[in-house]
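Inspection log for the structure reproduced underneath, given as structure tokens.
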Amino acid sequence: MPQRPLTRQRVIPAAQIFMGLDFSTQGLKATFIDAAGQVLAEPAISFDTDLPEFKTQGGVHRHADGLTVTAPPLMWVAALDLLLARMQKANLPLARVAAISGSGQQHGSVYLRRGARARLGALDSRLTLRDQLQDVFAFDAAPVWMDSSTRAQCRERDAALGGAQAVAKLTGSRSYERFTGNQIAKIYRQHPEAYAATGHIALVSSFTASLLIGTYAPIEPGDGAGMNLMNIRTRRWAPAALRCTAPGLAKRLGPIAPSHKVIGRLSRYFTDRYGFAPRTAVIAFSGDNPNSLAALGLARSGDIAISLGTSDTVFGALSAPKPSAAEGHIFGNPINPQGYMALICYKNGSLTREAVRNEFAQCSWKAFEAALARTPEGNGGRIGFYFKEPEITPTVLKPGIYRFGPDARPARFTPEQNVRAVVEGQCLSMRLHGNNIGLVPQKILATGGASVNKSLLQVMANVFGTPVHVSSQPNSASLGAAYRALHGWHCARVRRFVPFAKVVRAVASFTVAAEPNRAKHCLYTAMLTRYAQLEKQVVL
Ligand code: 5FX
């Protein structure tokens with residue numbers, strides 16, 4: 001567990017520290033910061049290896065239909081106790097934590113039986129969370145963001161609300177398979193008895209916040225926008241969107257609360273069992289992408305982040321969003337209650353690059369980088385599409401790999417050409433689809449595991465024609481949650497909303513990792529038109 005010495009805090013009274021938790025797809029991380037925003041410690045666990053009894057691969061269960069992907073919610077419950085116990089053992093000063101906020105993989109939903117609220121409020125600190133909560137779920141499998149099984153429900157939503165563009169205008173995105181409203185509609189149709197037994201539906205973020213406060217936590221507008229149920233402008237549930245999903249939904253979802261709100265105090269379970277202070281504040285939890293936006297302090301329109309992780313995402317802050325049925329999402333901005341963020345999401349991120357590496361570069365990133373270095377920019381006109389998973393952007397339900405030669409006809413690639421094609425294809429797609437929803441960068445901040453890969457960042461800089469910066473702090477979602485804990489705690493203390501940048505000054509520092517080469521950028525600009533044409537062929 002990496003642990004740095006605690007530094008003296010500078011801005012607000014001594015000794016207080018802040019914790020961000022990130023329930024990501026693959027594991028649970030925490031980031032501790034002091035009041036000046038300096039990172040103190042970052043303990044983490046992996047679901048696959050630390051909780052092997054749940055038998056997940058990459059934190060999920062993929063079902064035989066190739067479309068359904070779920071995770072056991074009890075695993076997230078067990079993970080919380082496990083990580084906190086490790087923190088206690090490592091003597092992290094939990095009693096000094098003034099506020100906690102958190103992050104969850106977006107879109108995933110948890111279905112709690114009637115009576116679960118009372119169970120959350122009466123936890124016995126001598127027993128584990130897992131032992132006390134194993135029977136509170138109406139479903140022991142939570143659909144997650146990788147699920148693509150709700151095409152029928154998406155069609156029904158589009159039809160009920162006046163078409164895909166109308167859904168996008170109302171909720172910020174057209175109907176997407178992984179969006180929670182469509183998952184709820186599927187569960188209601190397929191398991192009406194279990195839906196009837198469900199008293200509360202939470203997102204991964206609000207569910208894990210509920211564990212901490214001992215009652216149902218509200219949903220927050222950054223994450224709530226990933227449901228196809230919230231009016232993106234008013235940040236309230238859209239009655240028409242609820243009506244076409246399932247009956248009695250408003251009371252099962254509960255309220256939506258601003259991102260900086262103190263939603264409760266840490267329950268006695270955690271103060272008694274782990275030694276947190278009795279009045280530790282819990283600030284609304286949000287999704288992983290909105291939290292990463294907070295970590296990067298993205299405020300200006302030309303600053304774009306590209307997160308290279310299990311999912312690849314391209315996102316940035318926007319003041320005047322134009323929701324599009326064609327692609328992309330508009331979410332609430334977690335650090336600006338009036339603002340928005342735009343996001344493009346790819347399911348074929350790190351796992352797909354890894355699959356190409358394993359097949360064509362001897363399972364080694366060094367060999368992968370060397371293959372990139374040996375091949376010319378533009379790959380001699382070759383373009384490849386690698387959908388190892390059903391894809392979100394563009395919508396592709398059937399996995400497949402498509403390779404085209406310079407004459408736009410199907411072609412065979414050498415191992416090295418495959419390596420270049422996967423990287424160039426992903427970067428071209430990000431430029432194409434990002435531009436379509438107003439994400440036109442003057443500067444790119446790259447985060448996530450694969451942002452250590454210099455050759456990949458060089459391709460990115462050349463494709464976009466902008467410098468690419470990286471942070472020394474890769475855990476952006478848990479860091480963003482820690483920053484938001486500090487921000488929410490400060491707003492509560494002064495009893496008004498204070499601009500995020502005034503409270504969180506020490507946003508992670510960045511260094512330039514790649515500068516664009518003008519000639520190569522021109523080459524990629526010419527390639528983009530061909531890429532867009534070929535993409536239409538593979539999507540059909
Ligand atoms: C965003 O819309 C996504 O679906 C993914 O980035 C998940 O949030 C990954 F956790």
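Consider only pairs whose beta carbons are under 7 Å apart and that are at least six residues apart or on different chains; among these, list those whose first residue lies in segment 214-237 and is over 13 Å from GLY254 (Cβ atoms) and away from the ligand (no atom under 14 Å from the Cβ) and whose second residue is assigned to a loop (DSSP other than H, G, I, E, B) and among the basic types (Lys, Arg). Short answer, once both residue conditions are applied: PRO221/ARG235. Is one or more of the residues making up segment 292-309 part of a loop (DSSP other than H, G, I, E, B), within 16 Å of the ligand (Cβ to nearest atom), out of contact with any Leu (no Cβ under 6 Å at 6 or more places or on another chain) and not hydrophobic (A, V, I, L, M, F, W, C)? Checking segment 292-309: at least one residue is part of a loop (DSSP other than H, G, I, E, B), within 16 Å of the ligand (Cβ to nearest atom), out of contact with any Leu (no Cβ under 6 Å at 6 or more places or on another chain) and not hydrophobic (A, V, I, L, M, F, W, C).
Rundown of residues vs (1) modelled with pLDDT of 95 or more; (2) open to solvent by 10 Å² or more (accessible area, probe 1.4 Å); (3) of a type in the set (Lys, Arg), yes/no style:
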| position | (1), (2), (3) |
| --- | --- |
| ASP81 | yes, yes, no |
| ARG96 | yes, yes, yes |
| GLN106 | yes, no, no |
| LEU112 | yes, no, no |
| ARG119 | yes, yes, yes |
| ALA122 | yes, yes, no |
| LEU133 | yes, no, no |
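GLN338 meets the conditions (1) under 29 Å from GLY297 (Cβ atoms); (2) touching a residue at least 40 places away in the same chain (Cβ under 8 Å) in every case but one. The failed one is (2).
Report whether or not GLY66 is touching a Lys or Arg at 6+ places or on another chain (Cβ under 9 Å), over 22 Å from SER148 (Cα atoms) and assigned to a loop (DSSP other than H, G, I, E, B). No.
Can you find even one residue in segment 361-376 that is within 16 Å of the ligand (Cβ to nearest atom), assigned by TED's automatic domain parsing to the domain that holds TYR524 and either open to solvent by 10 Å² or more (accessible area, probe 1.4 Å) or not in a helix (DSSP H, G or I) (or both)? Scanning segment 361-376 turns up no residue that is within 16 Å of the ligand (Cβ to nearest atom), assigned by TED's automatic domain parsing to the domain that holds TYR524 and either open to solvent by 10 Å² or more (accessible area, probe 1.4 Å) or not in a helix (DSSP H, G or I) (or both).
Scanning segment 377-401 for residues that are under 23 Å from ASN462 (Cβ atoms) and open to solvent by 40 Å² or more (accessible area, probe 1.4 Å) turns up GLU377, GLY380, ARG382. In the set THR208, THR215, THR234, only one residue is within 24 Å of TRP76 (Cα to Cα), open to solvent by 10 Å² or more (accessible area, probe 1.4 Å) and either not in a loop (DSSP other than H, G, I, E, B) or not charged (D, E, K, R) (or both); that residue is THR215. Exactly one residue out of PRO390, PRO399 is within 16 Å of the ligand (Cβ to nearest atom), at pLDDT below 95, of a type outside the set (Phe, Trp, Tyr) and under 27 Å from PHE179 (Cβ atoms), and it is PRO390. The residue list ARG155, ARG174 contains one member that is open to solvent by 10 Å² or more (accessible area, probe 1.4 Å) and within 14 Å of the ligand (Cβ to nearest atom), which is ARG174.
Applying the criterion of being open to solvent by less than 20 Å² (accessible area, probe 1.4 Å) and aliphatic (A, V, I, L, M) to the residues of segment 451-469, the residue that is nearest to ILE304 (Cα to Cα) is VAL468. Counting only residues that are at pLDDT below 95 and outside any helix (DSSP H, G or I), segment 470-498 holds 6 of them. Looking only at segment 323-357, residues that are within 15 Å of the ligand (Cβ to nearest atom), of a type in the set (Gly, Ala, Ser) and in a helix (DSSP H, G or I) come to 1 in all.
You will find that of THR511, THR529, the residue that is loosely packed, with under 12 Cβ neighbours inside 10 Å and either of a type in the set (Asp, Glu) or in a helix (DSSP H, G or I) (or both) is THR529 and no other.
Enumerate the pairs (first residue in segment 136-147 and in the same structural domain as THR70 (by TED's automatic domain parsing) and among the aromatic types (Phe, Trp, Tyr); second residue anywhere and more than 16 Å from the ligand (Cβ to nearest atom) and part of a strand (DSSP E or B)) with beta-carbon separation below 6 Å, excluding pairs fewer than 6 apart on the same chain, so at least 6 apart or on different chains. Hits for this filter: PHE139/TYR111. Any residue at all in segment 383-390 that is part of a helix (DSSP H, G or I), under 22 Å from LEU528 (Cα atoms), in contact with a strand residue (DSSP E or B) (Cβ under 7 Å, 6 or more places away or on another chain) and not aliphatic (A, V, I, L, M)? No, there is no match, as no residue in segment 383-390 is part of a helix (DSSP H, G or I), under 22 Å from LEU528 (Cα atoms), in contact with a strand residue (DSSP E or B) (Cβ under 7 Å, 6 or more places away or on another chain) and not aliphatic (A, V, I, L, M).
Evaluating VAL97 against the criteria (1) within 16 Å of the ligand (Cβ to nearest atom); (2) more than 18 Å from ALA477 (Cα to Cα); (3) of a type in the set (A, V, I, L, M) leaves one unmet condition, (1).
Within segment 18-63, the set of residues being small (Gly, Ala, Ser), assigned to a strand (DSSP E or B) and within 16 Å of the ligand (Cβ to nearest atom) comprises GLY20, GLY27, ALA44, SER46. State all residues of segment 5-35 that are more than 30 Å from LYS388 (Cβ to Cβ), open to solvent by 10 Å² or more (accessible area, probe 1.4 Å) and at pLDDT 90 or above; if no residue qualifies, say none. Across segment 5-35, the qualifying residue is only GLN16. Return a yes/no flag: does segment 279-289 have any residue that is more than 12 Å from the ligand (Cβ to nearest atom), open to solvent by 10 Å² or more (accessible area, probe 1.4 Å) and either touching a Lys or Arg at 6+ places or on another chain (Cβ under 8 Å) or among the β-branched types (Val, Ile, Thr) (or both). Yes - at least one qualifying residue is present in segment 279-289.
The values are calculated or read from the model by the stated rules, or taken from the named source; none is laboratory data. Here the structure is a predicted model, which is why all the values come from computation and not from measurement. Backbone-built Cβ (ideal geometry, glycine too); neighbour counts: all protein chains shown. Just the protein is used for accessible areas: all its heavy atoms, side chains included, with ligands, DNA and RNA removed. Shrake-Rupley method; radii C 1.70, N 1.55, O 1.52, S 1.80 Å.
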